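> Pasting a structure here, questions to come.
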Amino acid sequence: MHNRENINLHTQNDWREIESAATRAAEILSDWKKTEDIWMQVQYGGRIVGMLEKLKEKESISTDEVRKKVCTLLKNAIRLNISEGRFTKMQLQLLQEGFTMIVAEHVQKEEMFQLNRKLTNEGLQTMPAWE
């Protein structure tokens, strides 16, 4: 019984950290929308990519295939497109939508596919050209 309580507490702490990171990412993305400076956009992109890497290490995400893939999708969308110039407000809004999916109570594979289509339709590459 005590072991189950520790697991539950660990999971709750994990989710608090994930929700906190998603909230911070939303703040960064909001600031990102306001800047015209490409150097600042690269810095924002790097911070978000780092956050996504840390989120993927959390047990609550690493054991959930769809959430883990959403993290990878967002990371790729930023990493593959950051050198192409400014992200549009719509592209940044879609990245925020991805973070919302990560912390949503239930995430379906179809929602992830839909986000991928939206990102692609907005001109973002989501997979390296060789894949």
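> Multiply the residue separation of Thr23 and Lys118 by 0.36 nm, subtract the distance between their alpha-carbon atoms, and state the gained length in nm to one decimal. Write out the running numbers ahead of the final one.
On the way: separation 95, 0.36 × 95 = 34.20 nm, distance 2.19 nm.
My answer for the length gained is 32.0 nm.
> Can you tell me what percent of all Cα-Cα pairs in region 79-131 are more than 17 Å apart?
Details: 524 of 1378 pairs.
So the pairs more than 17 Å apart make up 38 percent of the total in region 79-131.
> In the chain, how many lysine pairs have Cα atoms under 13 Å apart, counting only pairs 8 or more places apart or on different chains?
For the chain, qualifying lysine pairs total 10.
> Once Rh for region 43-130 is found with the Kirkwood sum over Cα pairs, what is the Stokes-Einstein diffusion coefficient at 4 °C and 1.567 mPa s, in µm²/s? Don't jump to the answer; show the numbers that get you there.
On the way: Rh = 13.0 Å.
So the translational diffusion coefficient is about 99 µm²/s.
> Rounded to the nearest 10 Å², what accessible area does Lys34 have for a 1.4 Å probe in the complete protein model?
150 Å²
> Relative contact order of the chain, please, whole-number percent, based on alpha carbon pairs below 8 angstrom and at least 6 residues apart.
On the way: 110 pairs, mean separation 37.6, N = 131.
Once normalised by length, the contact order is 29 percent.
> Oh, and also: On C-alpha positions alone, give me the angle between the axis of helix 38-57 and the longest principal axis of the chain, in degrees, nearest 10.
It works out to around 20 degrees.
> Only four residue types carry charge here, +1 at the Cβ of Lys and Arg and -1 at the Cβ of Asp and Glu. Report the dipole size of the chain about the Cα centre in Debye, rounded to the nearest 20.
Details: 19 positive and 20 negative charges, 39 e Å.
I would put it at about 180 debye.
The values are calculated or read from the model by the stated rules, or taken from the named source; none is laboratory data. Computed from a predicted model, the values in this text were never measured in an experiment. Quick reminder, even Gly has a Cβ in these numbers, built from the backbone with ideal geometry, and neighbours come from all protein chains shown. Heavy atoms of the whole protein, side chains included, go into the accessibility calculation; ligands, DNA and RNA do not. Shrake-Rupley method; radii C 1.70, N 1.55, O 1.52, S 1.80 Å.
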